Amino acid sequence: MGRLLVYLHVAVKQRAFQSLLGAGLPGVDTTAVGRAGDFERALQDAPDAVLTLPVVLAANGLSPSLRGFARGSQEERYALVGAGAAPEAGKVASVGALDLLGREGTNRFVKRLVGAQARVERVTKIEDLLPLLQIQRVDAVLLPARLVAELRAASRLTLAERELDLTVGLPAVANTGPGGAALLGAIGKMPRDVSKLLGVEEWR
Amino acid sequence: MALTRRSFIAGVPALAGAALGCSSGQEERAGAGRDAVLFSTHSSKPGSKSILVCMPETRQTSEVWRGLSDELSRELELIALRIGGEDASATIARGIERYRPAGLVLMNNPTVDGYRRVQASAQQTAFPPSVIVMSSFLEGKPAHLRAATGISYEVPLITVVTNLRKLIATPIDRIGVVHRSSLSGFVRRQAALAHREQTAVVREEVSPKPNASEIKRALRRLKQRCDAIWVLNDDRLLTPRLLADGWLHGLNEPPWVPTIVGAASLVSPSQSFGTFAVLPDHTALGTQAANLVLDIADNDWQLPSATAQLPLSTTTTVDLTQAKERFLLRPSALAQVDKVLER
């Protein structure tokens, strides 16, 4: 049907994610990557469509043709989570975050959300955010608010969260090749449980 | 399934070698000239500085290189030198002479030892800052090198336990560990860190050169009191003889407790030793090392801190055959593991 490149951070391992995508998008040649460097390389291979966050699409000169929505919105809230007291954006000195856009791009993205004062520690997987708090490398970690429950479930630390005022776009799809239109149709009909893993309730 | 002693010993050299991969290095002769260059990258940034990466040629070091070069190659020139065999220090010395690097990255114990000899032979010389990775039991400030920092190779116990709790449904509160006295400081520091996640560590100290009976006795005592056994990557405790006659006997008898190891090769459905391996993610380790290099660059090529960091990212492997036979798994367990091995 076409080649789909997926660059998203989800709460399961890459192996399980790739398998869920394969089952949810039969006939689609899906490649899931989790690192910014791997995404840049895979993008050179001219996929037919790219599924990632709108901020990543924009950084690569791509526009969404299909957007994910949840609770009627194409944006979602992010939260700062710390051990002990709830961290405050604008005051937090160091923040752990997923590396979406490489060093400079991710620094800009995180500082827009939590303030320019923050030193940013990047990690490549959601599960790597917790060690940053466990070994006290950062004051807080930044992640989509919907994933805070996963963080809590994995730890016995006393975690406190604060949702941020600014929002971030939910996953979206860019049509980048001749097979793209068919892929957009397939993603629009993706099983609910797979879409939910991406934070999406419906595709428009 | 327990192996016979003979079949286990036959399989053990590869297994033990992999377990101690951080200290072995590849035994190959390498010149110190252009033929020692494994990889190089060229930055488009004018006047960019050079980083000399000294590494043996293995799958793991190549993964570290990938993480490093993805992060650094736009801003810095990277030259990877192949290090191996007897002439590590000569290769490194000639590399420094030829490339005049602003910093070094040193991968594995023999490489670090080679660089230590380079520094020892030039006591009055100022050396560029260096970042050490894949070196066993690196903690605090590297005492044997000047201007060095690094990242520990051992996955912190707190991370190991967090991963195990995602897999096993029964409570994991007390972790048993067999260790020699020389590693008691390391174990105590790991225990203090793990305490933050409400994990208690029960220690069984063995002699500096233990025999198989000592290992078996220590394991039997721990298994009565602990919810899991954590096996350190200590080459003195993981000799083929001790693995076959001590560890395997001690672990493959009731009461069953999950065994966590630090080498993928110690998890095998046909050998029933480790239930679960938690290893550093080598590509992420390269990224972490790159960030240290960038911090040093931002600090005008002076070390901002010499204290070694802990590795942040891990990969996990489970022996599903053993885990299903002996333990209660969480429903979502397999979605939280990188590699599943099953007979």
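Readers should treat all values here as calculations from the given coordinates under stated rules, not as data from a laboratory. Model, not experiment: these values are computed from the prediction.
Between amide H atoms placed 1.01 Å from N, distances below 5 Å from A:Val123 occur with A:Ala97, A:Leu98, A:Asp99, all of them 5 or more places distant or on a separate chain.
Across the stretch A:29-183, the mean sequence separation of Cα contacts (distance under 8 Å, 6 or more residues apart), normalised by length, yields a relative contact order of 41 percent. Using only Cα atoms, find the angle between the long axis of helix B:157-167 and the longest principal axis of chain B, and express it within 0 to 90 degrees, rounded to the nearest 10. Between the helix axis and the principal axis of chain B, the angle is about 50 degrees.
Each listed q (0.14 Å⁻¹) maps to a log10 I(q)/I(0) for the stretch B:72-206, found by the Debye formula over equal Cα scatterers with no solvent: -0.77. Across the stretch A:151-167, computed HN-Hα scalar couplings (Karplus, 6.51 cos²θ - 1.76 cosθ + 1.60, θ = phi - 60°) run 5, 4, 5, 8, 9, 9, 5, 7, 9, 10, 10, 9, 6, 8, 6, 6, 10 Hz from first to last residue, x flagging Gly and Pro.
Taking amide H atoms as placed 1.01 Å from N in the peptide plane, the amide H of B:Leu138 lies under 5 Å from those of B:Tyr153, B:Glu154, each 5 or more residues away in sequence or on another chain.
Taking every C-alpha pair closer than 8 Å and separated by at least 6 residues, the mean separation divided by the residue count of the stretch A:131-204 gives a relative contact order of 22 percent.
Excluding same-chain neighbours fewer than eight residues apart, the lysines reachable from B:Lys209 by a Cα-Cα span under 29 Å are B:Lys141, B:Lys223. Seen against the Cα atoms of chain B and their longest principal axis, helix B:5-19 is set at about 30 degrees. What aspartates and glutamates could a cross-link reach from A:Lys196, if we take a straight Cα to Cα line under 19 Å and drop same-chain neighbours fewer than 8 places away? Here the aspartates and glutamates satisfying the reach criterion relative to A:Lys196 are A:Glu75, A:Glu76, A:Glu127, A:Glu150. Note: the stretch A:7-130, Cα convex hull, 134 Å³ per residue. On a per residue basis, the convex hull of the C-alpha atoms belonging to chain B measures out at 140 Å³. Mean sequence separation of contacting Cα pairs (under 8 Å, at least six apart), scaled by the length of chain B, corresponds to a relative contact order of 20 percent. Of all lysines in the structure, the ones whose alpha carbon falls short of 20 Å from that of A:Lys111, not counting any fewer than 8 places away in one chain, are A:Lys91, A:Lys125. Amide H contacts of B:Ile168 (H built 1.01 Å from N, in plane; Pro and chain starts excluded): B:Arg330 sit under 5 Å, all sequence-distant by 5 or more or on other chains.
A simple rule links phi to the HN-Hα coupling: the Karplus curve 6.51 cos²θ - 1.76 cosθ + 1.60 with θ = phi - 60°, which for the stretch B:90-107 gives 5, 4, 5, 4, 5, x, 5, 4, 6, 9, 6, x, 7, x, 10, 10, 10, 10 Hz, with x for Gly and Pro. Within the protein assembly as shown, DSSP assigns beta bridges of which about 40% are antiparallel (rounded to the nearest 5). Evaluating 6.51 cos²θ - 1.76 cosθ + 1.60 at θ = phi - 60° for every residue in the stretch A:50-67, the Karplus couplings come out as 10, 10, 7, 6, x, 5, 6, 4, 4, 5, 10, x, 10, 10, x, 9, 9, 10 Hz, glycine and proline recorded as x.
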